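I have placed the structure first, in the form of structure tokens, so that the comments after it can refer back to it.
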Amino acid sequence: NAGVMQNPRHLVRRRGQEARLRCSPMKGHSHVYWYRQLPEEGLKFMVYLQKENIIDESGMPKERFSAEFPKEGPSILRIQQVVRGDSAAYFCASSRPNESGEKLFFGSGTQLSVL
Amino acid sequence: SQQGEEDPQALSIQEGENATMNCSYKTSINNLQWYRQNSGRGLVHLILIRSNEREKHSGRLRVTLDTSKKSSSLLITASRAADTASYFCATGGAGNMLTFGGGTRLMVKP
């Protein structure tokens, strides 16, 4: 039973390019969460999605950031026109339908570096 | 600002000693959880305590929760070098997402 899978593990982009981060939740999990972590800091909530629905995007920057979790395929966090301040580790987590807000299972993260 | 704030930010102890980390939060919660993160890796769930519980044990871990003081503590007994990691508390409230604190970086020296 594979855990939460994130790819790529490391992503390097130049300023102005687009970054696409992928997350496949654990089998049987239909809730996905994205968090961002800066060095030596905690995780900051970005967005919570269920299949084909954005439930809570209160932590998403208003511009350039978007997320989706289609009926088929992984969840995607998309950052357009990246800037140096977007450099961070982005973690995806998933939970069972009846355990939202409870135990989360995390992926290993994508380290985004913007040159 | 973060819902949970851990104290201390960093802790260095010798192997075999106990490590105590504290977490304070601001709003009402349904549960409080502790996670561990090894450098460069994702978080791993350690233990969950509900708002109507006061203490919970799991192996060498002991968690307490005081809702009147809006605080929790994580005790790791008989620490090992392999316990070296960052430890985060996270609170679950009315919404479905968890809010994480800034973490305690624990170093256990062999």
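See the values below:
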item: Residue match in segment A:71-88 (condition: assigned to a strand (DSSP E or B) and exposed (fewer than 15 other Cβ atoms within 10 Å of the Cβ)); result: yes
item: Single condition residue B:78 does not satisfy, out of (1) part of a loop (DSSP other than H, G, I, E, B); (2) surrounded by 22 or more Cβ atoms within 10 Å (Cβ to Cβ); result: (2)
item: Residue within segment B:5-24 that is in contact with a strand residue (DSSP E or B) (Cβ under 9 Å, 6 or more places away or on another chain), assigned to a strand (DSSP E or B) and within 22 Å of residue A:94 (Cβ to Cβ) present; result: no
item: Filter result for residue A:113 (surrounded by 17 or more Cβ atoms within 10 Å (Cβ to Cβ), more than 8 Å from chain B (Cβ to nearest Cβ) and in contact (Cβ under 8 Å) with a residue 60 or more places away in the chain); result: no
item: Candidate set from segment A:53-62 (those that are assigned to a loop (DSSP other than H, G, I, E, B) and surrounded by 16 or more Cβ atoms within 10 Å (Cβ to Cβ)); member that is nearest to the other protein chains (Cβ to nearest Cβ); result: A:59
item: Matching residues in segment B:69-110 - criterion: being within 11 Å of the chain's Cα centre (by Cα), over 22 Å from residue B:54 (Cβ atoms) and of a type in the set (Ser, Thr, Tyr); result: B:86
item: Of residues in segment B:85-110 being surrounded by 17 or more Cβ atoms within 10 Å (Cβ to Cβ) and assigned to a loop (DSSP other than H, G, I, E, B), the one modelled with the lowest pLDDT; result: B:96
item: Filter pass, residue B:54 being within 14 Å of chain A (Cβ to nearest Cβ), in contact with a strand residue (DSSP E or B) (Cβ under 9 Å, 6 or more places away or on another chain) and at pLDDT 95 or above; result: no
item: Near pairs, Cβ below 9 angstrom, 6+ apart or cross-chain, from segment A:8-31 (within 14 Å of chain B (Cβ to nearest Cβ)) to any residue that is loosely packed, with under 13 Cβ neighbours inside 10 Å and at pLDDT 95 or above; result: none
item: Residue under evaluation residue A:3, criteria (1) over 24 Å from residue B:90 (Cβ atoms); (2) more than 10 Å from the chain's Cα centre (by Cα); (3) not acidic (Asp, Glu), criterion not met; result: (1)
item: Residue A:50 being farther than 19 Å from residue B:88 by Cα, touching a strand residue (DSSP E or B) at 6+ places or on another chain (Cβ under 8 Å), surrounded by 13 or more Cβ atoms within 10 Å (Cβ to Cβ) and polar (S, T, N, Q); result: yes
item: Residues (part of a strand (DSSP E or B) and of a type in the set (Ser, Thr, Tyr)) located in segment B:59-75; result: B:64, B:71, B:72, B:73
item: Yes/no for residue A:4 being touching an Asp or Glu at 6+ places or on another chain (Cβ under 8 Å) and within 13 Å of chain B (Cβ to nearest Cβ); result: no
item: Single match in A:45, A:65 (criterion: closer than 29 Å to residue B:36 by Cβ, within 12 Å of another protein chain (Cβ to nearest Cβ), among the hydrophobic types (A, V, I, L, M, F, W, C) and free of Cβ contacts under 8 Å to residues at least 24 places away in the same chain); result: A:45
item: Criterion violated by residue A:91 - all others in (1) within 13 Å of chain B (Cβ to nearest Cβ); (2) in a strand (DSSP E or B); (3) without any contact (Cβ under 8 Å) to a residue 40 or more places away in the chain satisfied; result: (3)
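The values are calculated or read from the model by the stated rules, or taken from the named source; none is laboratory data. All values reported here derive from a predicted model rather than from experimental measurement. Here Cβ is always computed from backbone atoms with ideal geometry, including for glycine, and neighbour counts include all displayed protein chains.
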